[in-house]
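The values are calculated or read from the model by the stated rules, or taken from the named source; none is laboratory data. Just so we're clear, the structure is a prediction, and the values are computed from it rather than from any experiment. Positions of Cβ are backbone-derived with ideal geometry, glycine not excepted, and every protein chain shown enters the neighbour counts. Side chains included, ligands, DNA and RNA excluded: accessible areas come from the protein's heavy atoms. Shrake-Rupley method; radii C 1.70, N 1.55, O 1.52, S 1.80 Å.
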Amino acid sequence: MKRSDDSLPEQDWDRFLREATAGTGAADAPKEPSARARMVTRRLQGQPPPEPPRAYRLAAPAAARGRRPWFTIVVAALVVLAIVAFVPGPLTGLFRFGGGSGGPAAPQGPTVREPFRDSPAEDWAGGADGIDVPVARATGGLSAAGVGEALGRTKNFLAGTNLDPGVLRGERPTAALRFLDPRQKAVREYVADAFGAPGAPGAENDPLRLATRFDPERFAFAGDVVKTRGGMTVRAAEDGGIDVRTDVTFVYPVVRASGGGEVVRTIVRRAAVLRWPAPGAPGAGTFQLVSYASDVTNGGCGERKGYFSPEFGAERATVAPDEGVVIDPYDRAGTVDAHAGARGHCAAAVRS
């Protein structure tokens with residue numbers, strides 16, 4: 001230790017250093033009374049004992065206290081979403097609305113603004129765009145260009161009998177039949193009877209076998225779009241021409257002509273074979289209808305009188321389909337004739 005004060009005599013300074021080093025000066029330092037001694041002293045003096053120390057908790061600021069419930073809710077929501085993401089099956093039913101009794105939500109159904117809602121056809125193409133046309137290749141006695149022309153006319157025939165606005169209102173499909181072979185007498189007689197006097201007695205004269213029609217006095221369409229899916233294939237015919245096989249499903253959103261917001265869908269799947277002769281052969285440039293068939297859902301189970309007659313609301317509940325006749329009108333597997341709801345039956349649809 002360095003001496004900094006020269007006012008002390010030298011011998012006193014030396015004695016101070018020796019006592020500090022030996023610790024002898026520590027005995028003379030005042031000592032702090034113990035806690036027990038202080039308590040005894042206070043008791044003897046008649047003073048009350050000191051209060052015990054209070055326990056303090058650091059309070060959160062007011063703003064933080066106000067945010068705590070929201071913070072808890074957010075954390076809980078994130079935990080629930082994480083659980084649902086990893087275990088969706090058992091939990092998703094907890095978040096459905098409108099089903100009642102914890103069941104699945106009831107389908108909302110179609111509306112005038114969204115006539116294809118809750119339908120597989122919602123994602124289908126509209127109109128003729130949904131009819132796929134294969135790449136034209138030379139087949140049978142026709143060149144690639146000849147096959148391409150036949151395919152284009154076949155597509156026009158399908159659109160003209162199932163998509164033309166006038167035909168849908170009951171007009172004769174003149175444009176669609178312009179290339180019908182005049183030598184096919186039986187078909188021409190059917191066309192003359194069916195479209196000349198719709199609703200004439202006898203199923204053989206029913207225009208719905210070939211074209212789609214709705215009575216404009218009773219029905220209108222929700223929007224101007226008909227959804228379609230299907231296409232055609234080509235193969236060589238025995239006489240040197242080609243057979244074009246078609247298979248297309250048409251979905252029509254229908255409302256009452258008298259008004260109201262209820263929308264129902266009539267679904268028609270049609271299959272036909274059109275034979276196009278080779279150039280130079282009899283009937284070249286025209287087609288013959290080799291076969292045609294259809295499946296119809298919600299087109300009316302009673303007498304149709306030349307028009308499809310879909311049921312609405314309570315009417316649908318009173319219609320009794322043929323026993324055991326159940327179809328899925330959107331299922332395009334197999335052929336039309338293989339479906340239980342073929343022509344002449346009133347089928348129950350698993351979805352519409």
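Could you check the spin-label model distance between residue 332 and residue 314? Points 7 Å from the Cα along Cα→Cβ, value in nm.
With each label placed 7 Å out from Cα toward Cβ, I get 3.9 nm.
Hey, got a sec? Which GluC sites (Glu not before Pro) in region 227-317 land in a DSSP loop and have at most 11 other Cβ atoms within 10 Å? List each step's numbers first, then the result.
Working: sites: 238, 262, 303, 311, 315; in loops: 238, 262, 303, 311.
Loop-located and lightly packed - 238, 303.
Quick one: accessible area per residue over region 123-193, 1.4 Å probe, rounded to a whole number of Å²? The partial results should precede the final answer.
Details: 3600 Å² over 71 residues.
Computed with neighbouring chains in place, this is 51 Å² per residue.
Multiplying the sequence separation of residue 204 and residue 303 by 0.36 nm and subtracting their Cα-Cα distance, what value in nm do you get?
Details: separation 99, 0.36 × 99 = 35.64 nm, distance 1.37 nm.
Here the segment from residue 204 to residue 303 would lengthen by 34.3 nm.
Quick check: pseudo-label points 7 Å beyond the Cα along Cα→Cβ at residue 143 and residue 112, how many nm apart are they?
With each label placed 7 Å out from Cα toward Cβ, I get 5.3 nm.
Need one number for region 176-293: average projected area of the convex hull over its C-alpha atoms, nm².
Details: hull surface 34.8 nm².
Taking a quarter of the hull surface, the average projection is 8.7 nm².
So for region 224-284, considering every pair of alpha-carbon atoms, how many percent are separated by more than 12 Å? Intermediate values should be presented prior to the final figure.
Numbers: 1340 of 1830 pairs.
So the pairs more than 12 Å apart make up 73 percent of the total in region 224-284.
With all protein chains present, how much of the accessible area of region 141-245 (probe radius 1.4 Å) comes from carbon and sulfur, to the nearest whole percent? Show your work: numbers first, answer last.
Values: 2460 of 4970 Å².
Of the solvent-accessible surface of region 141-245, carbon and sulfur hold 49 percent.
Take residue 290 and residue 224, extend 7 Å from each Cα along the Cα→Cβ direction, and tell me the distance between the two endpoints in nm.
Going by the 7 Å Cα→Cβ label model, 3.7 nm.
So which trypsin sites (Lys or Arg not before Pro) in region 127-200 are both in a DSSP loop and have at most 15 other Cβ atoms within 10 Å of their Cβ? If you can, show how the numbers build up before the last one.
Working: sites: 137, 153, 155, 169, 178, 183, 185, 188; in loops: 137, 169, 178, 183.
Sites meeting the loop and neighbour criteria: 137, 178, 183.
What order do 273, 135 take when sorted by accessible area (1.4 Å probe), most exposed first?
135, 273
I want to make sure I understand the PRE zone here: with the label point 7 angstrom from the Cα of residue 257 toward its beta carbon, which residues in region 152-181 have backbone N atoms less than 11 Å away?
Correct set: 169-170.
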